[in-house]
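No value in this document is a laboratory result; all are computed from the given coordinates. Remember, it's a predicted structure, so these values are computed and weren't measured experimentally. Because the Cβ atoms are built from the backbone with ideal geometry, glycine has one as well, and the counts that use them run over all protein chains shown.
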């Protein structure tokens with residue numbers, strides 16, 4: 001497993017500063033977004049050639065990209081909500097990625113609408129030679145393991161896999177290790193965080209069983225990226241905490 005650092009940890013940084021900070025904290029890979037962060041990538045925001053050059057200059061690779069969500073509340077809205085996602089997919093391909101991370105809308109989004117949207121996006125992604133990774137998030141249509149399983153089964157698409165966000169499972173009182181074991185054969189990406197309740201804290205100081213989460217990933221044969229996320233209250237210390245998280249997780253990943 002390789003470590004990557006999510007730009008959600010430093011959302012106010014511009015792209016240059018974010019890449020520099022992530023490299024300084026000891027990471028060789030970063031995960032980015034096409035929305036909400038100041039360092040967002042995407043069509044019209046950061047030309048792929050410039051992004052590749054910036055990453056190469058700092059010796060940082062792009063592990064993964066979070067795109068727009070399937071926000072349709074009805075079948076009639078699917079075509080419209082697909083437009084930015086398809087743009088994200090084309091952009092991700094230009095950056096050399098093979099998959100795009102997406103989520104659903106709020107919890108009250110009808111599952112059948114999300115599934116139909118996912119099927120439509122997956123078909124277009126397949127034509128591009130791309131895949132999709134659907135991830136859980138507290139308060140989202142895909143909040144719980146059974147939501148991910150239902151969506152995956154409903155989409156019935158070979159190019160759709162799963163992102164397990166350990167912090168968001170913990171926030172809704174789902175054991176992340178159990179979720180990983182249940183969804184394991186479809187696990188394509190793992191996000192980790194340490195928390196007390198729902199509050200992000202420095203790694204190794206919270207309640208989450210990070211050794212157990214990583215062991216569960218090993219048990220299902222996962223060997224992909226482990227993406228570090230951090231949204232601490234004392235944000236001014238984030239860069240130091242990210243470096244400490246790298247050391248902490250390196251130690252856990254070295255265990256047999």
Quick one: Cα centre-to-centre distance for segment 203-256 and segment 19-87, in angstrom? 22 Å
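Taking every DSSP beta bridge with both residues inside segment 73-217, roughly what % is antiparallel (nearest 5)? Could you put the intermediate results ahead of the total?
Numbers: 4 of 16 bridges.
Bridges in segment 73-217 that DSSP calls antiparallel: roughly 25 percent.
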What are the principal axis extents of the Cα atoms in segment 94-136, in Å, biggest first? 34, 18, 11
Under a point spin-label approximation (7 Å from Cα along Cα-to-Cβ), what is the residue 79-residue 150 distance to one decimal in nm? 2.8 nm
By how many nm would the segment from residue 56 to residue 106 grow when fully extended, if each residue of separation counts as 0.36 nm and the alpha-carbon distance is taken off? 14.3 nm
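I'd like the antiparallel share, as a percent to the nearest 5, of DSSP beta bridges with both residues in segment 1-76.
Numbers: 1 of 8 bridges.
Rounded to the nearest five, the antiparallel share is 10 percent.
Sum -39500 (n - 2.57) across every DSSP H segment of at least 4 residues in the chain, then divide by the residue count to get the 222 nm mean residue ellipticity, nearest 500.
Details: 9 runs with 107 residues, N = 256.
So the helix-based figure for the chain works out to -13000 deg cm²/dmol.
Where does each of 209, 161 land when they are ranked from fewest to most other beta-carbon atoms within 10 angstrom?
Working: 209 16, 161 21.
Lowest count first: 209, 161.
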With a/c under 1.5 counting as rounded, go ahead and sort segment 1-151 into rounded, prolate or oblate using the C-alpha gyration tensor (a ≥ b ≥ c being the square roots of the eigenvalues; past the cut-off, prolate if a/b is larger than b/c, else oblate). prolate
Any idea what diffusion coefficient segment 106-256 gets from Stokes-Einstein, in µm²/s, Kirkwood Rh on alpha carbon pairs, 4 °C, 1.567 mPa s? 80 µm²/s
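When a/c is below 1.5 the answer is rounded, else prolate if a/b is larger than b/c, else oblate, so apply that to segment 2-254 with a ≥ b ≥ c taken from the square roots of the Cα gyration tensor eigenvalues. Please report the intermediate quantities before stating the final value.
Numbers: a/c = 1.66, a/b = 1.17, b/c = 1.42.
Verdict is oblate for segment 2-254.
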Which percent, nearest 5, of DSSP beta bridges in the chain are antiparallel? 15 percent
Ratio Rg/Rh [Cα only; Rh per Kirkwood] for segment 160-228: 0.94
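Would you work out if segment 80-152 is rounded, prolate or oblate? Take a ≥ b ≥ c from the square roots of the eigenvalues of the alpha-carbon gyration tensor; rounded if a/c is under 1.5, else prolate when a/b is larger than b/c, oblate otherwise. List each step's numbers first, then the result.
Numbers: a/c = 2.03, a/b = 1.80, b/c = 1.13.
Taking the square roots of the gyration eigenvalues as a ≥ b ≥ c, segment 80-152 is prolate.
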